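For reference, the structure discussed in these notes is given below.
The values are calculated or read from the model by the stated rules, or taken from the named source; none is laboratory data. The structure displayed is predicted, hence computed values, not measured ones. Cβ: placed from backbone, ideal geometry, glycine included. Neighbour counts: every protein chain shown. SASA here: full protein model, heavy atoms, side chains in, ligands and nucleic acids out. Shrake-Rupley method; radii C 1.70, N 1.55, O 1.52, S 1.80 Å.
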Amino acid sequence: MGVLDVVLMFTYFFVIIGVGIIGTKKIKSSEGYAVAGRNLGFFMYLSCLAAVILGGASTIGTAKLGYMFGISGAWLVIMIGLGTFLLTLLLSKKLFGLKAVTISEMLFKRYNSQSRIMSALVACTYTMMIAITQVIAMGTIMNVFLGWGMIPSIFLSGGIVLLYTLLGGMWSITMTDVIQFCIMTIGIFFIMLPESLSSAGGWSVLSRHVPAAYMNSTNIGWSTIFQYFLLYTLGMLVGQDLWQRTFTAKSLRTLKAGGIAAGIYSIFYALAVAVIGMCAFTAFPHLDDPQNAFAEMVLRVLPTGLMGVVLASVMSALMSTASGTLLASSTLLVNDIIKPAFKKTFSEKKSLLLSRLLTLIVGLFVILCSIWMQDILVALDVAYAILTGAMFFPIVLGFFWKKASAKASFISMLISTATIVIGLFVKGTTATEPILYGLCTSLISIVIFSYLLPDEKPSFVVEEQQVL
């Protein structure tokens, strides 16, 4: 990297920190810290939603899949976009009427405190694993481009994310996400994609030089596509990081329009990065590690100056997801485990202090785990599998089936979690069957036990709101 690229990257870091400090002035309560006062307009909501769902896996991972399988490598992020679509179309009215802060709070209102604690532990594990993934990816990128070593790179990048998240919570995350969304868009669509296609000789030349299967939309395999659907589409429907962003919309109209726009943006993002991976295959078809496809394209194709912008765009994608999942983890711990355990009302000052303290503790834990773990993709797959298999039906049926009971929900989570863990141990962490086993046992158990152990009093029902 040239000096100009390093200067651009660190200028970006200082801007992000500055915006985070400005965000502290908007924090007046714990709700403002967690969900930005539920006051985001369309563009801010679109920016923060797109930024949280498009992280390291969406960029580096999709480029790797594009390098290995061609255009069908886009399916991972397409399924993330589909999950965002479905959440918006199926649950937007329910979520807007809920006026909650966490996914576990919904389960508490619908069922009982046991379901709240169980779901909070599962969801917190999932969000922390994603945060760790992003911090490791940020450290890897800085190490590749700057050569500082993994530990200093992780400390610096993870520390910046922790700092602005700690100071301003969701307001700082939202304000930085607007910047990060713009940089992501410019870096991928207006710099990296055209430069990559140009280096490959254009689309027509690219399509002739890659294997014929690379132009097949299902080359990655139907089983893999189905696995992505189970993991990412269903996972998006029950993910705390995405739910917490939906609670920031100021109106139902904003929630719907922003969710649909973010889903469409994700699909175009998926196709663009998969094409970049295909261009990398034509430029250097014998990479030792396909995961370096995106980084190699940046190093070999872009001139000084543009390299710094694209590097900032990749860091933007990673930092936005890391900050969102970091805040989601601390919010779950504070709102659904610590506060209920004390069984008393906290003042706004104490609630805000507690939220920041837990954000600091979780952030330091994430950074230390990122340094300790060299490869957490297996753990991430396990977390996604448990999240989807254990929580999908208790949440969805909780919204749409009045007979779903509290005891049945808790039993369903326990049985399905155990089923998935055993299935992953027997079949392997990359197998699809454990997720299906978990979903089946979850559905069967919640239905059966809802009839065997019905609630003694009517369950909480979410009222749908009128479009504003």
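Mean separation of Cα pairs under 8 Å and 6+ residues apart, divided by the residue count of the chain: what relative contact order is that in percent?
32
At 1.567 mPa s and 4 °C, plugging the Kirkwood radius over alpha-carbon pairs of the chain into Stokes-Einstein gives what diffusion coefficient in µm²/s?
D, rounded to a whole number, is 58 µm²/s.
Cα-Cα over 20 Å: which of K94/K403; K250/K403; K25/K350; K109/K339?
Beyond 20 Å: K250/K403.
Could you work out the mean projected area of the convex hull around the alpha carbons of the stretch 169-209, in square nanometres to one decimal?
3.4
Pairs of alpha-carbon atoms within less than 8 angstrom and 6+ residues apart define the contacts here; what relative contact order does the stretch 88-154 have, in percent? Present the calculation step by step, with values, prior to reporting the outcome.
Numbers: 33 pairs, mean separation 11.7, N = 67.
Relative contact order comes out at 17 percent.
Order 15-21, 99-105 from most to least packed using the mean count of other Cβ atoms within 10 Å.
The packing order, highest mean first, is 99-105, 15-21.
By how many nm would the segment from L353 to L90 grow when fully extended, if each residue of separation counts as 0.36 nm and the alpha-carbon distance is taken off?
91.1 nm
Residue by residue through the stretch 254-263, which ³J(HN,Hα) values in whole Hz follow from phi under the Karplus form 6.51 cos²θ - 1.76 cosθ + 1.60 (θ = phi - 60°), with glycine and proline marked x?
Each residue of the stretch 254-263 in turn: 4, 4, 5, 5, x, x, 5, 5, 5, x Hz.
Using a 1.4 angstrom probe, figure out how much accessible area the stretch 114-205 has per residue, in square angstrom, rounded to the nearest whole.
The answer is 31 Å² per residue.
If packing is taken as the average number of other Cβ atoms within 10 Å across a peptide's residues, how do 248-255, 418-425, 161-168 rank, most packed first?
Going from most to least packed, we get 161-168, 248-255, 418-425.
Can you give the Rg to Rh ratio for the stretch 301-348, taking only C-alpha atoms and Rh from Kirkwood?
So for the stretch 301-348, dividing Rg by the Kirkwood Rh gives 1.40.
What is the ratio of the Cα radius of gyration of the stretch 184-238 to 2.2 N^0.38 Å, with N the residue count, to two decimals?
In units of the 2.2 N^0.38 Å rule of thumb, it is 1.55.
Please pull out the direction-averaged projected area of the stretch 161-272, using the convex hull of its alpha-carbon atoms, in nm² to one decimal place.
Working: hull surface 37.9 nm².
The directionally averaged projection comes out at 9.5 nm².
Between helix 150-185 and the chain, what is the angle of the helix's C-alpha long axis to the longest principal axis, kept within 0 to 90° and rounded to the nearest 10?
Relative to the chain, helix 150-185 is tipped by roughly 80 degrees.
When the Karplus curve 6.51 cos²θ - 1.76 cosθ + 1.60 is applied with θ = phi - 60°, which whole-Hz ³J(HN,Hα) does each residue of the stretch 61-68 get, with x for Gly and Pro?
x, 5, 4, 4, 5, x, 5, 8
Assuming R0 = 22 Å, what is the FRET efficiency of F13 and F189, from their Cβ-Cβ distance, to the nearest 0.05?
Given R0 = 22 Å and the Cβ-Cβ separation, E is 0.45.
Return the distance in nm (one decimal) between the two label points of a simple spin-label model at W401 and E433, each offset 7 Å from Cα along Cα→Cβ.
With each label placed 7 Å out from Cα toward Cβ, I get 2.6 nm.
Over the Cα atoms of the stretch 316-453, what is the Rg over Rh ratio if Rh follows Kirkwood?
On the way: Rg = 17.9 Å, Rh = 17.2 Å.
Computed over Cα atoms, the ratio is 1.04.
Show me the ranking of peptides 331-340, 212-221 by mean Cβ neighbours inside 10 Å, starting with the highest.
Going from most to least packed, we get 331-340, 212-221.
Provide, in order from the shortest bin, the percent of all Cα-Cα pairs of the stretch 64-151 in each 10 Å bin, continuing until the bin that contains the maximum pair distance.
Result returned by the calculation: 14, 23, 33, 20, 10, 0.
Over the chain, what percent of the accessible surface lies on carbon and sulfur atoms, probe 1.4 Å?
69
Taking +1 at the Cβ of each Lys and Arg and -1 at the Cβ of each Asp and Glu, which of S445, T165, S347 sits farthest along the dipole of the chain towards its positive end, judged by Cα position relative to the Cα centre?
S347
What three numbers, in Å, describe the spread of the alpha carbons of the stretch 136-212 along their principal axes, ordered from the longest?
Sorted largest first, the three principal extents are 51, 30, 20 Å.
Treating each Cα of the stretch 215-310 as an identical point scatterer and ignoring solvent, apply the Debye formula and state log10 I(q)/I(0) at q = 0.16, 0.18 Å⁻¹.
Here log10 of I(q) over I(0) equals -0.95, -1.04.
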